[in-house]
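What follows is one structure encoded as structure tokens, with my remarks underneath.
FYI, it's all coordinate maths here, none of it is from the lab. Computed from a prediction, not measured in an experiment: that's the story for all the values here. No Cβ is skipped: glycine too gets one built from the backbone with ideal geometry, and neighbour counts run over all protein chains shown.
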Amino acid sequence: MQGLYKYLEGSSSTLDAEVYTKASMIAMSHSVEKVVKEYDLYADIYVLFQEYKFFLYERERYLELDNLCRQIFVFAKDIPDNAAQDFENTTFINLSDDSPLLKEWSVIVVHPDYSAVLATKEKPELQKINKDDYRIFKGFLSLEAEVAEDLAKYYHNLLEQQRVSYQKEDWQPEELNNKKPELKKLISLFINDSLFELEDKLRSLEEKEMRLDAMVADNKELSREIMQKLCEAGEFRDEDSLFHILRIGFTSALIFRELGAFEKEIENIFFASLLHDLGKIGIPDSILQKPGKLTAEEYEVMQNHPEIGAKILAGSHSEVLNMAYNIAYSHHEKWDGSGYPQGLKGKEIPVEARIVGLADVFDALSSKRVYKDAFSREKCVEIVSSQRNQHFQGEILDILLEHLDEVYAFRRDLKEFSEAKTTREVSDYFFSVDFSIFEFLKMREMISS
């Protein structure tokens, strides 16, 4: 047996669009049914639900229609034995698992004064949001009596196959004492009722979205606060350390943007890069703050910090913390495979770790440390350039060198911005939910152009 929608091929529909959301189709079906109630029509209704659970949402509506109509037939899958309880004029027909009607949903009303056909066929391949409200259907609507009567015959054949009895006789004059629907009023009822229901549905969705936005904002604020606390624990004990990770974050986001990363990836690498040395939380201060060169034994201890950081960050469901895990674990790997802790080579190293590894080294070279003065810009360029395709991937190195003006401008601006501010105030600004590195980069680009 072919499906109802296939059966309608060649018939003229009043719906112009190709596909509709579930909300639109429900609003239209309610309009079709409301005409029956509005004019007290002793009608025949044939209604097709994909599954009985969907009928339950409409059960109260159909109890009202049951009191008005001559006969109603409900077709669905998984109909329980007690479904007809409380109904007098409604018959429930179970559909088999292989029925082509399981992919469709329709309402057909037949009456001498009013006929309507609303038929739909679900198109799951067109659905973009995996939620019930966003299911997509092809739609067919007709108010032609001939089309409705033809479809009634389609259902009569189905009822006869299942040996279900139905009234075949025409309506008697005494059964047609209802108000007579007028075309203009019908159209007005359809439009106003459908629009009202859609607006009500949209307002409900809007309220849900607002609540969701509030939850997302709360979650974002909590995530930023957690990352800020982790940074405080593992890295910035003072203003210089804070400036160091912020400069790395800026440089990493800039390079990732030039590599063609999406906005979310750029946001993620900024915050993930701030945690690159989280593992230093497990390294003694006597080694971290030693003013001179580390001994071989001390250097061996220092080399444990990538694995310590990775253990802290492992197993998260957060995209930004998963990226932070890759960075913490692999930012000391080298393009030629001579780095640590795993000796990864080339593109075995996550791209975010390659980027942050270069940003970290360049900032260390260009900054004053307890054991050295800051190198000049020329000297920094000379040192990192000598490590092309050895320590650093050439493509990433070229991007950094092409954008050094922006890197040094941010260094100056950060220093000016921080004047008369505490370390906490500077930190709170960059970790606030309102801060976006993507927008920050775009704004600076506009100002400098």
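Just a few scattered comments:
- Convex hull projection area averaged over all views, the range 211-448, Cα basis, nm²: 13.3 nm²
- Bridge type composition, the chain - antiparallel percent by DSSP, nearest 5: 65 percent
- Exposed-site-free run, longest, the chain (rule: chymotrypsin sites (Phe, Trp or Tyr not before Pro); DSSP loop; at most 12 other C-beta within 10 Å): 58-261
- Ellipticity at 222 nm from helices only: DSSP H runs of n ≥ 4 in the chain, each -39500 (n - 2.57), divided by the residue count, give -17000 deg cm²/dmol.
- Charge dipole magnitude, Cβ of K and R +1, D and E -1 - the range 38-192, Cα centre, debye nearest 20: 640 debye
- Seen against the Cα atoms of the chain and their longest principal axis, helix 404-418 is set at about 90 degrees.
- For LYS77, residues with placed amide H under 5 Å, excluding near neighbours: GLU51, TYR52, LEU95
- Surrounding net charge for GLY309, when Lys and Arg each add one and Asp and Glu each subtract one, Cβ distance under 9 Å: 0
- Virtual spin-label span in nm between GLU51 and ALA145, 7 Å along Cα→Cβ: 4.0 nm
- Along each principal axis, taking the top coordinate minus the bottom one, the Cα set of the range 4-168 gives 41, 34, 30 Å in descending order.
- Compared with the dominant Cα axis of the chain, that is its longest principal axis, helix 319-330 is turned about 30°.
- Summary value for the range 211-448: 22 percent relative contact order, contacts being C-alpha pairs under 8 angstrom separated by 6+ residues.
- Loop-located trypsin sites (Lys or Arg not before Pro) across the range 405-449 with a Cβ neighbour count of 16 or fewer within 10 Å are LYS421, with loop assigned by DSSP.
- Counting all C-alpha pairs of the chain, share separated by more than 30 Å (%): 59 percent
- Total charge dipole magnitude, the range 211-448, about the Cα centre, Cβ charges on Lys, Arg, Asp, Glu only, Debye to nearest 20: 380 debye
- Furthest towards positive pole of dipole, PHE137, SER115, GLN127, structure part the range 111-152, Cβ charges: GLN127
- Once C-alpha pairs closer than 8 Å and six or more residues apart are averaged by separation and normalised to the residue number of the chain, the relative contact order reads 12 percent.
- The range 290-303 - phi-based ³J(HN,Hα) in whole Hz, Karplus 6.51/-1.76/1.60, Gly and Pro as x: 5, x, x, 6, 6, 6, 4, 5, 5, 5, 5, 5, 4, 5
- Cα-based helix-to-principal-axis angle, 145-161 vs the chain, degrees rounded to 10: 90 degrees
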